[in-house]
Amino acid sequence: MRKLVTVLGATGIVGSKALEIIRKHKEKFYVIGISGHSNVSLLVRLAIEFSPKYVVVSNLHLSSELEQKLNNFDIEILCGKEGLAFLASQKTDILVAAITGFAGFEPIFRAINSGTDIALANKEALVAGGHLLMPLAKQKGVNIIPVDSEHNAIFQCMMGQNWNDVDSITLTASGGPFLSMNSKETQKIPPSEALKHPTWSMGAKISIDSATMMNKGLETIEAAWLFDIGKEKISALIHPQSIIHGIVKFKDKSIISHMAPTDMKVPISQAMAWPERLKIEIKEIDLLEVESFNFQDIDASKFPCFKLAYQLIEEDPCYSVALNAANEIAVHLYLDHKLEFGNIYTLVARTIDMIETTNLDDYQSIIDYDKYARNIAISMRL
Ligand code: NDP
Ligand code: MG
């Protein structure tokens, strides 16, 4: 039987790769709905190719353009946040959550509520709302299968294993484009340089997060929620070759690690097809060509964003909502040349210092708190 799939963020890097996998495995998947935000022309092409029941453009201003272009097709067109929430609420076999940022939180919440399994790329939703989403998933019997490569690696290392036997997990980091530079050299470095990731091809926001190493910090919070493990069991190491993605150490000192090419098709296909595996055509690792495997600690003085995020694991969820919100604002300002690279950390740290905590025990309170933290971050613009 084919799996019914919804792809949110279909016009992005991860979403496009998910659709590429589906294109090659039509016998396995059937696309029910797709969403995009601003890239209407790509969304239209994908809609015509996959002929889903629903297409959503979440940017309200673009709805008439989409309607006009898909006028002659038997596709239901929806728009805005409400359209996205509606699509996510349609029960399918798997929803690929590939929207970037906190914008993905509400649709993921809706999808879990409807009982749909999630192939989760959108780490920001879990950073901000893991304390709500993970218990909800458990209550609804929903599987959250990680797409983020390091978490997918840990997920794969743990197949057939028992979490009670785990001593620690380690997420690897490539080190980003500025590994060999110091903070003085990177303070004013332009977005064009920060966007050049050495090993992965990614959207703009996560590329900047990788350059500041906020990405690895967000990933430690993501890991804590996904795997329900304590801070003391989570660590991260720089591994510039990006061959090993995740490492699990067991209480008998055995180590199981996961190697894969640096192509997101590996974790995306694994998450979408789980518990099966798919044959995918990508360049494979030739072990004879690998000269060395290196590992090094993440220098917190050089990558303060990593430390800031890591410190928030197990703290009041308000801090991680604020961290995520302020970081999104800071990255946006940086990409617009309105904030220096070196001030991304400062803006986020100052926002966290300013917030007052409150109860975030339901979905609306998290949405409201995200707005509150964004406003503080904007008001503190450096
Ligand atoms: P992209 O920027 O390439 O794609 C983002 C997608 O989200 C696009 O479809 C975009 O639509 C849509 N989108 C943007 N803003 C909004 C909004 N406000 N509301 C609804 N939809 C929106 O990002 P990536 O594919 O690189 O990353 C997606 C997610 O996956 C991120 O959370 C990232 O951290 C995570 N991830 C990505 C990896 C990668 O290798 N790329 C690796 C691991 C995790 P449009 O383009 O039409 O504007
Ligand atoms: Mg990752």
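The values are calculated or read from the model by the stated rules, or taken from the named source; none is laboratory data. Model, not experiment: these values are computed from the prediction. A quick note on method: Cβ atoms are made from the backbone with ideal geometry, for glycine too, and the neighbour counts reach across all protein chains shown.
Computed values, structure above
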| item | result |
| --- | --- |
| Candidates Ile221, Ile256, Ile234, filtered to the one that is surrounded by fewer than 19 Cβ atoms within 10 Å (Cβ to Cβ), in contact (Cβ under 8 Å) with a residue 60 or more places away in the chain and over 19 Å from His332 (Cβ atoms) | Ile256 |
| Hits in region 307-339 (condition: farther than 20 Å from Ser207 by Cα and among the charged types (D, E, K, R)) | Glu314, Glu315, Asp316 |
| Tally of residues being crowded, with 24+ Cβ neighbours inside 10 Å and touching a residue at least 40 places away in the same chain (Cβ under 8 Å) across region 117-132 | 10 |
| Hits in region 52-76 (condition: under 10 Å from Gly33 (Cα atoms) and under 26 Å from the mean Cα position of the chain (by Cα)) | Pro52, Lys53, Tyr54, Val55, Val56 |
| Lys205 at negative phi, of a type in the set (Lys, Arg), within 11 Å of ligand 1 (Cβ to nearest atom) and not assigned by TED's automatic domain parsing to the domain that holds His337 | yes |
| Some residue of region 175-192 being within 23 Å of Ala18 (Cβ to Cβ) and either of a type outside the set (Val, Ile, Thr) or within 14 Å of ligand 1 (Cβ to nearest atom) (or both) | no |
| Residue count for region 25-54, restricted to those that are crowded, with 16+ Cβ neighbours inside 10 Å, within 22 Å of Val266 (Cα to Cα) and more than 15 Å from ligand 1 (Cβ to nearest atom) | 4 |
| Residue that is surrounded by the fewest Cβ atoms within 10 Å (Cβ to Cβ) [pool: residues in region 147-162 that are among the polar types (S, T, N, Q) and away from ligand 1 (no atom under 13 Å from the Cβ)] | Asn162 |
| All helices (runs of 4 or more DSSP H) inside region 79-149 with 2 or more residues being of a type in the set (Phe, Trp, Tyr) and either assigned by TED's automatic domain parsing to the domain that holds Asn59 or under 14 Å from the mean Cα position of the chain (by Cα) (or both) | 105-113 |
| Any chance Gly141 is touching a strand residue (DSSP E or B) at 6+ places or on another chain (Cβ under 7 Å), away from ligand 1 (no atom under 12 Å from the Cβ), on the phi > 0 side of the Ramachandran plot and not hydrophobic (A, V, I, L, M, F, W, C) | no |
